[in-house]
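Trainee: This is the structure I want to talk about, given as structure tokens.
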Amino acid sequence: MTVALVVAFGLGAVVIALTGGDPLAAFGEMLTGGFTGSGLRNTLSRMIPIVGMALAFSLAFRSGVLNLGGEGQMLMGALFGTMTAIVLPGPGPVVIVAALLVGAAVGALWALLPALGQTKFQVPLLITSLLLNYVARATTSYLVRYPFGEPGAAFASTVAVPESNRIPDFPFLGGGISISLFFVFGLVALLAVVYRRSVFGYETAMLGFSGPFARYGGVDVERKTLLVMASAGAIGGLVGSHLVLGETYRYIDADMIAQTGFAWTGLMVSLLAANRPVAILLAGFFFAGLQIGGFAMERATKVSWQLAEMIQALVIVAVVSRLGLTWRRRRKLGEEVGPPQPEMETAHVGEV
Amino acid sequence: MTTELELRGITKRFPGVLACDGIDLTARRGEIHCIVGENGAGKTTLMSILYGLIPPDEGEILVRGEPVRFHSPLDAIRRGLGMVHQAFKLFPSLTVAENVIFREEPAKLGWIDRKRAVARVQELADAYGLAVDPTAVVEDLPVGVLQRVEILKALYRHASILILDEPTAVLTPQERDRLFDVMRRLRDSGRTILFITHKLAEVMSVADRITVLRNGKAVAELDPATTTPEEISRHMTGRDVEPVRAGAPTALGDVVLSVRSLTVRGAHSLPVVSDVSFDVRAGEVVGIAAVAGNGQTELIEAIAGLREIESGTVTLAGVDITHLDVAGRRRAGMSYIPEDRHRVGTAAAASVSENLLMGYQRTDRMRRGAWLRRRAVADHAGRLKDEFAIKVSGVDVAAGTLSGGNLQKVALAREMAHDAPLIIAEQPTRGVDIGAIEFIHTRLVAARDRGAAILLVSAELSEIQSLATRILVMFEGRIVAELDPDRVDEAEIGLHMTGGKVAGA
């Protein structure tokens, strides 16, 4: 991890120097901009979608299910959650809960489409979940322009969510941080315990380690696939609903399309944290800070914000290549006690 | 005779283990040199060093008198080494011919000449009597055929030194004899064959020279003309080993497993198991003998709930389990030691403890509601580790670091721990050393004596003969013979296995 950071920031420094900037000044701005004062508040806010999407990704990925449909699940959940908050009458807290439930349900249903495709028709989930993102983008764009759109608005968006139906901010911490953050912490704790201590956590982990082994041991692989996908989609839908109900208060098409980046940042965070919830929280904090700090750096030093994104990606590359090294080292150790482990090197052939 | 290959003082240390301890080995041109030893004796490490997979700490390798250093298997292949691995290294989605020609493709104007490739592979297959369809896709082929593809791959590369790592495990006696003919022919053409095996009978019949490894040392070099299997075994284990005798079965109990008119369809919806019926009673071991690819794998998968049943019924302890899922069948009293212990029987990345828990995670002993009882899980793992003498420093170690025999003990321990009425044991001792075989056989016999019904599938006819009360022979998806192990010899079983005695002919 340390090595990864040094490598990533080192390469970033080279790029800054090449473009005529001062790396130390730029990184200084990044650090203070991302992790102090109002920057820290923004970082904490940004953690909500990043950590949320990372948890959604990890939930499926550790079960051996590669869900690349996070952005679609997020968009669909967000739009339907928003519409519920707009049209449903009743006291604020009730409407908010109902809207979140609808957002989660729609996200879950959207995630179930590729899952059912895989379990019922053997269509690879990896591909369908990814492609459904485009369907989700087009669908939400259409809906927000026509049936759900605000008539006569300059850009495609819904009307604003009534004030009573918005997710409130913490009354302390200087304001500007949604109480959703509290629920993100709760979800981290919940998943950390579920992954390690529950029958569900055990069975899905085994499924992730070896599908044939889990199936042989009596784990209902199909049901588990559907369940983790629905849960991942539900979290995605919640994150999307939060982005409107707790941040922008209206579903703005262009804005939300831009927010889909959180699904991919979340994926990176989950990879970096090896799907472990507490590590996801820390890595999510770090990445959120990098992004916010990147904005500050751009304002102060004219070094482009994209550099922050580049560093994020370099951290992942460095971490992943170091994983590769330890993997190889471990393989050699494995040979001390017996034959080379076939699952690492050998094409698996034969019946499933 | 000229020396083809010489290993001098090969030493390899791993943390805490001296895997190879100054091993000297000389193989001459035109000889079949058997390397025997228990798992952990250093055979695999030695062969990995020889094949360029891992570098030695000390010692040197000479090929045809010339010192060589292999940085990868490619270097070894360039020097004329060929290896047939125990674990297959094939591309599942490619054809047999494509796998064989990989990296040495016959080309025409820069394009692969498929016709020539197929013809060349067919030619090789015919020449050595290895029945393989070069155009078949590898993932559709049963394990036994894959082995032949591996052998073809090495032959295709004109290896002058051929390392065969337990190549006979999946062959019938007849096929094995044919392979031995191939090996002799290769030897007579001046090639050197390093033949790794556990089976002393094979050593005696095919070896020109025998090197015995124990605890990383070459403890003996023997001449098959002047040694005995007992002597080899003594060198391997450092003690006398008595083969497990099943002994007379106690009185048979009720029918535990009853299979009636079972039909299973495989790839291309062809029936791979046709109208199979048999019973297994409490206190007996029913052995299924068949050449790989004759439906025994599919039969077991269908009984275990891993493969769809086309028609027929399976009854376990009076419960119709035909339409139950795996968990339901396990609850009804099934335990199953699967053939593929690396992928199905265990999960390499999971800990030993997690591997031992599989199948019990939903029992009241192991969980309270949705949560696992961590204490019970740890106790369960610790108890099985001790009881089955699984050699591992702790139960939190990843199962992937265990040797073949130890890994099999993990699967065995898990499946035998709950005293299920039915135990399905599929190739339970394949690729494990003599000590572990003895242990596994003792356990199976003990389970039988306490009244378990055991369905044993094995490519090892001696295993079936010594353990089974009855032998069912499968050929092309049907049961073609029921034999009494005390009244038939290997040759006769083998004849049934190859369809030589269908319908009382």
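Trainee: Rounded if a/c is under 1.5, else prolate if a/b is larger than b/c, else oblate: which is region B:17-71, with a ≥ b ≥ c the root eigenvalues of its Cα gyration tensor?
Mentor: Details: a/c = 1.92, a/b = 1.15, b/c = 1.68.
Oblate is the answer for region B:17-71, as a/c is 1.5 or above yet b/c matches or exceeds a/b.
Trainee: A follow-up question, please. I'd like to verify something in chain A: which complete DSSP H helices, judged by Cα projection on the helix axis, reach 27 Å or more and average at least -0.5 on the Kyte-Doolittle scale?
Mentor: On the way: long enough: A:37-61 (35 Å, 0.99); A:92-121 (43 Å, 1.66); A:125-145 (30 Å, 0.98); A:221-242 (31 Å, 0.76); A:277-301 (34 Å, 1.25); A:306-334 (42 Å, 0.41).
Helices meeting the span and hydropathy rule in chain A are A:37-61, A:92-121, A:125-145, A:221-242, A:277-301, A:306-334.
Trainee: Further, regarding this structure: Please give the helix B:374-387 orientation as an angle from the longest Cα principal axis of chain B, in degrees from 0 to 90, rounded to the nearest 10.
Mentor: 60 degrees
Trainee: Sticking with this one: Under a Cβ-Cβ cut-off of 14 Å, what is the net charge of the residues other than B:A327 that fall near it, where Lys and Arg count +1 and Asp and Glu count -1?
Mentor: Values: positive: A:R215, A:R223, A:K224, B:R329, B:R330, B:R331, B:R362, B:R367; negative: A:E203, A:D220, A:E222, B:D325.
Around B:A327, the surrounding residues sum to +4.
Trainee: Between region B:14-87 and region A:1-75, how far is it from one alpha carbon centroid to the other, in angstrom?
Mentor: For region B:14-87 versus region A:1-75, the Cα centre distance is 47 Å.
Trainee: In peptide B:334-340, what is the residue-averaged number of other protein chain Cβ atoms found within 10 Å of each Cβ? It would help to have the intermediate numbers written out before the result.
Mentor: Numbers: counts 1, 0, 2, 0, 3, 2, 7.
Across the residues of B:334-340, the mean count of other-chain Cβ atoms within 10 Å is 2.
Trainee: Follow-up question, since we're still on this one. Once both labels are modelled 7 Å past Cα along the beta-carbon direction, what's the B:L94-B:R375 spacing in nm?
Mentor: Rounded to a tenth, the inter-label distance reads 5.6 nm.
Trainee: Expected output is a single nm value to one decimal: the length gained when fully extending between B:E221 and B:D320, i.e. 0.36 nm times separation in residues minus the C-alpha distance. What is it?
Mentor: Values: separation 99, 0.36 × 99 = 35.64 nm, distance 5.63 nm.
Full-extension gain reported as 30.0 nm.
Trainee: Shifting gears a bit: Considering only A:A104, A:T119, A:I252, whose Cα is most displaced toward the positive end of the charge dipole of region A:24-325, charges sitting on Cβ of Lys, Arg (+1) and Asp, Glu (-1)?
Mentor: Of the options given, the answer is A:T119.
Trainee: In region B:363-402, which residues give up 20 Å² or more of accessible area once the other protein chains are added, compared with their chain alone (1.4 Å probe)?
Mentor: B:A370, B:W371, B:L372, B:R374, B:G400, B:T401
Trainee: Any idea how far apart B:R487 and B:T313 come out in nm if each label point goes 7 Å out from Cα toward Cβ?
Mentor: Label at B:R487, label at B:T313, 3.1 nm between them.
Trainee: Still on this structure, please answer the following. Quick one: if the Förster radius is 35 Å, what FRET efficiency do A:V3 and A:V123 give, using the C-beta to C-beta distance and rounding to 0.05? Kindly include the intermediate steps, with their values, before the conclusion.
Mentor: Values: r = 40 Å, r/R0 = 1.14.
After rounding to 0.05, the efficiency reads 0.30.
Trainee: Sum -39500 (n - 2.57) across every DSSP H segment of at least 4 residues in the protein assembly as shown, then divide by the residue count to get the 222 nm mean residue ellipticity, nearest 500.
Mentor: Working: 31 runs with 418 residues, N = 857.
After summing the helix terms and dividing by residue count, I get -15500 deg cm²/dmol.
Trainee: I'd like the interface area for chains A and B: accessible area of each alone minus the complex, both sides summed, 1.4 Å probe, protein heavy atoms only. What is it in Å² to the nearest 100?
Mentor: Values: alone 17410 and 22420 Å², together 35470 Å².
Summing both sides, the interface buries roughly 4400 Å².
Trainee: Can you tell me the length gained on complete extension of the stretch B:T3 to B:D396, counting 0.36 nm per residue apart and subtracting the Cα distance?
Mentor: Values: separation 393, 0.36 × 393 = 141.48 nm, distance 4.70 nm.
Fully extending the segment from B:T3 to B:D396 adds 136.8 nm.
Trainee: What is the set of long-range amide H partners of B:V273 at a cut-off below 5 Å, with H atoms built 1.01 Å from backbone N?
Mentor: B:V264
Trainee: Further, regarding this structure: Using the structure shown, list the pairs from B:K43/B:K89; B:K89/B:K409; B:K153/B:K409; B:K12/B:K199; B:K43/B:K199; A:K224/B:K89 with a Cα-Cα distance above 22 Å, or answer none. Display every interim value, and only then the final one.
Mentor: Numbers: B:K43/B:K89 19 Å; B:K89/B:K409 25 Å; B:K153/B:K409 32 Å; B:K12/B:K199 26 Å; B:K43/B:K199 14 Å; A:K224/B:K89 31 Å.
From B:K43/B:K89; B:K89/B:K409; B:K153/B:K409; B:K12/B:K199; B:K43/B:K199; A:K224/B:K89, over 22 Å: B:K89/B:K409; B:K153/B:K409; B:K12/B:K199; A:K224/B:K89.
Trainee: Right, another one. Just want the answer: with Cβ charges of +1 for Lys and Arg and -1 for Asp and Glu, which residue in A:A160, A:A192, A:F209 is farthest toward the dipole's positive end in the protein assembly as shown?
Mentor: A:A160
Trainee: Using a basic spin-label model with each label point 7 Å from the Cα along Cα→Cβ, how many nm lie between A:E309 and A:T36?
Mentor: So the two model labels end up 2.8 nm from each other.
Trainee: Kindly rank B:350-361, A:103-114, B:217-228 from highest to lowest mean number of other beta carbons found within 10 Å of each residue. List each step's numbers first, then the result.
Mentor: Values: B:350-361: 23.6, A:103-114: 25.5, B:217-228: 14.8.
Averaged packing, sorted descending, gives the order A:103-114, B:350-361, B:217-228.
Trainee: State to the nearest 20 debye the size of the charge dipole of chain B about its Cα centre, where the only charges are +1 on K and R beta carbons and -1 on D and E beta carbons. Don't skip to the answer; put the middle values down first.
Mentor: Values: 62 positive and 68 negative charges, 270 e Å.
Charge dipole, chain B, about its Cα centre: 1300 debye, nearest 20.
Trainee: What angle, in degrees between 0 and 90 and rounded to the nearest 10, separates the Cα long axis of helix B:114-127 from the longest principal axis of the Cα atoms of chain B?
Mentor: Tilt of helix B:114-127: around 80 degrees.
Trainee: Ok, one more. Using alpha-carbon pairs under 8 Å, 6+ residues apart, how would you state the relative contact order of chain A in percent?
Mentor: Dividing the mean separation by the residue count of chain A yields 33 percent.
Trainee: Also, I was wondering about something else. Rounded to the nearest 5, what % of the DSSP beta bridges within region B:69-201 are antiparallel ones?
Mentor: 25 percent
Trainee: Carbon-plus-sulfur fraction of the accessible area of region A:24-325, 1.4 Å probe, in percent? Intermediate values should be presented prior to the final figure.
Mentor: Details: 8520 of 12210 Å².
Percent of accessible area from carbon and sulfur atoms in region A:24-325: 70.
Trainee: Follow-up question, since we're still on this one. When a/c is below 1.5 the answer is rounded, else prolate if a/b is larger than b/c, else oblate, so apply that to the protein assembly as shown with a ≥ b ≥ c taken from the square roots of the Cα gyration tensor eigenvalues.
Mentor: On the way: a/c = 2.22, a/b = 1.65, b/c = 1.35.
Prolate, since a/c reaches 1.5 and a/b exceeds b/c.
Trainee: In the protein assembly as shown, with Lys and Arg counted as +1 and Asp and Glu as -1 at Cβ, which of these residues, A:F61, B:L356, A:L181, has the Cα nearest the positive end of the dipole, that is, farthest along it?
Mentor: It is A:L181.
Trainee: Nearest 5 percent is fine: what portion of the DSSP beta bridges confined to the protein assembly as shown is antiparallel? Present the calculation step by step, with values, prior to reporting the outcome.
Mentor: On the way: 49 of 83 bridges.
So the antiparallel bridges amount to about 60 percent of the total.
Trainee: Other chains near B:347-359: what is the mean number of their Cβ atoms within 10 Å of each residue's Cβ?
Mentor: Details: counts 13, 8, 8, 8, 1, 0, 0, 4, 5, 0, 5, 9, 4.
Per residue, the number of nearby Cβ atoms from other chains is 5 on average.
Trainee: I've got another one for you. Any chance you could list the semi-axes, whole Å, largest first, of the equivalent ellipsoid that the Cα gyration tensor gives for region B:431-478, using √(5λ)? Write down the numbers at each step before the final one.
Mentor: Working: eigenvalues 82, 48, 13 Å².
Equivalent ellipsoid semi-axes, largest first: 20, 16, 8 Å.
Trainee: Can you spot the aspartates and glutamates whose alpha carbon is less than 17 Å from B:K115's alpha carbon? Ignore those fewer than 8 places along the same chain.
Mentor: B:E98, B:E104, B:E105, B:E123, B:D126, B:D133
Trainee: Test of understanding: what is the full-extension gain from B:T26 to B:A267, defined as 0.36 nm times their sequence separation minus their Cα-Cα distance?
Mentor: Stretched fully, the B:T26-B:A267 segment lengthens by 82.1 nm.
Trainee: Label point 7 Å out from B:S205 along Cα-to-Cβ: which residues of region B:474-500 have amide N under 15 Å?
Mentor: Correct set: B:489-498.
The values are calculated or read from the model by the stated rules, or taken from the named source; none is laboratory data. Treat the numbers as computed from the prediction; the structure is a model and nothing was measured. Neighbour counts run over all protein chains shown; Cβ positions are idealised from the backbone, glycine included. For the accessible areas, the whole protein counts, side chains as well, though only heavy atoms, and no ligand, DNA or RNA atoms are used. Shrake-Rupley method; radii C 1.70, N 1.55, O 1.52, S 1.80 Å.
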